[in-house]
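Written below as structure tokens is the structure these notes are about.
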Amino acid sequence: MVWEEISRLVTWSERHRRLFSRIVIAIVLSLVVDVIGAVLMWQSEIHGFGNALFFATAQILTVSSSMKNPVTHSGQIVDVGLELWAVFVVTAVAGSFAAFFRAGDS
């Protein structure tokens, strides 16, 4: 039984490729959303693209941050959009892992 489980660790099947592609898609789309959010925050509220990129990345990674909240309406809308994206991606990736493990147990 142990050897059977170990052999599953090194096996690369269709479900592995599917999980990998879903994770890559989530990462690439998150990078795109991150850059777009940074540009929008840079134009509306934050001085310096580096600071705006840091803000957008922190919002996506933590679904919040200890930084001051945006004060302009456009900044608040971008902030909420970044947080919604983060929640969506976390649940989508979690669902992908659940489907991966469920298919492996069948």
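Just a few scattered comments:
- Here is how the number arises for the chain: DSSP H runs of 4 or more residues each give -39500 (n - 2.57), the sum is divided by the residue count, and the result at 222 nm is -28000 deg cm²/dmol.
- Kyte-Doolittle mean at least 0.5 and Cα axial length at least 18 Å: DSSP H helices in the chain: 14-44, 49-62, 73-105
- Those trypsin sites (Lys or Arg not before Pro) in the range 13-88 that DSSP places in a loop and that have at most 13 other beta carbons within 10 Å: Lys68
- The label point for Phe101 and the one for Val63, both projected 7 Å from the Cα toward the Cβ, are 1.8 nm apart.
- Accessible carbon and sulfur surface of the chain relative to its total accessible area, %, 1.4 Å: 71 percent
- Placing +1 on each Lys and Arg Cβ and -1 on each Asp and Glu Cβ, with no other charges, gives the range 2-50 a dipole about its Cα centre of roughly 220 debye.
- Here the range 58-101 is treated as an ellipsoid with the same Cα gyration tensor; its semi-axes, largest first and in whole Å, are 27, 10, 4.
- Its Cα centre serving as origin, the chain has a Cβ charge dipole (Lys and Arg +1, Asp and Glu -1) of approximately 200 debye.
- Based on alpha-carbon atoms, the Kirkwood radius and the radius of gyration of the chain give Rg/Rh equal to 1.18.
- Spatial extent of the range 20-66: Rg and Dmax, with the Cα atoms as the point set, Å: 11.5, 37
- Distance between the C-alpha centres of the range 50-80 and the range 1-27: 35 Å, rounded to the whole angstrom.
The values are calculated or read from the model by the stated rules, or taken from the named source; none is laboratory data. Keep in mind that this is a model prediction, so the values were computed, not measured. A quick note on method: Cβ atoms are made from the backbone with ideal geometry, for glycine too, and the neighbour counts reach across all protein chains shown. Heads up: the accessible areas ignore ligands, DNA and RNA and are worked out on the full protein's heavy atoms, side chains in. Shrake-Rupley method; radii C 1.70, N 1.55, O 1.52, S 1.80 Å.
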